[in-house]
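Notes to accompany the following structure.
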Amino acid sequence: MLKRVEFSGDHLDVLRELMNIAVGNATASIADLLQAFGTMHIPKIAISDIKGLKQYMHETIPSESSHYVTKQLFGGPLGGEFIFVITDEVAINLGNHLYDVEAPNDADIYDAVIELTNILSATMISRLTEELNIKVQFFLPSTQIIAGNDLIYLEETAEYSQIIIISTQMEFQNQNINGHIFILTKDAMIQSLKDLIDQKLEELYA
Amino acid sequence: MKKPVDYPNILLDALEHGIMIVDEEFNVLYWNQWLEINTGHAYSNMVGKSLLTFYPEIDYRTLQRKIRTTLRLNSPTFYDASLTNRFIPIPRNKISSSLLYHAAASNDFSLYY
């Protein structure tokens, strides 16, 4: 059994502040690159186990819709998984906006979802890691259509004991585009994140 | 147009991936050996010319957006890897095996396949 990493109030405050900056960065990038103007909610941060993660996703994501779920791993001194979730209806709106066609085909929709995920993950994670003075590598994203809100499969989580959940919601009303973002990191990486935040705190109070 | 990458490039040609390097106007700066063999277009035929001449069917508006995203965010961008969404066609005499296609733009606007 892995030792649990305890985060103090200071650690969570710093992480929350860094994520606020990251979210602001993502909103600006989407406006610039995709000509979509909107807002992103203040990120929520929770430390949980697998059961808690599943419960959190069930409470956050509606069960009655089908969802495009795009997952992208990032690795390095801080590693984890970026998950972007939108309903199939919103995915069509997104394909429509990016490809400027009435009825985007499946390939257009998948590509549009991956493109938005790219921008969100690159801006949010890069801003976070820039603040922590590290660099990470992004891996090829993959998209699945999942009916309901069971977004995490048991086999994917077998080795996780402790997970940090960072979640936010984006809303671009003019384009009818909104979605949920989860950034998950686990076990050894949580210790790594805590160490990086300690370094940041030392910088701030030096 | 930027200066083409010298040919042959041992590293780019040793990879089991198709690699092209294009500038922001889609001029080809490098076309690796994998692409030479698999598309039938030689390096000497491609370099210095626009990708548009050979592949007019590519969605260049999307490609330009992806290149801009990559350069602005300093991070790779990806195309969907499904078989219905090929960046450029690679002729295959498929009988029973399959080939995974994907394309990504990275910081030097290279695309790999």
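Taken together, the values in this text are just the output of simple stated rules run on the coordinates, not laboratory data. All values derive from a computational prediction rather than experimental measurement. Because the Cβ atoms are built from the backbone with ideal geometry, glycine has one as well, and the counts that use them run over all protein chains shown.
The table for this structure:
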item	result
Loop GluC sites (Glu not before Pro), segment A:43-148, which have at most 15 other Cβ atoms in a 10 Å radius of their Cβ (DSSP)	A:GLU64, A:GLU102
Average beta carbon contacts from partner chains per residue of A:75-86, 10 Å cutoff	0
In degrees, nearest ten, helix A:9-34 long axis to first principal axis of chain A (Cα)	30 degrees
Acute angle (nearest 10 degrees) that the helix A:88-99 long axis makes with the longest principal axis of chain A, alpha-carbon atoms	80 degrees
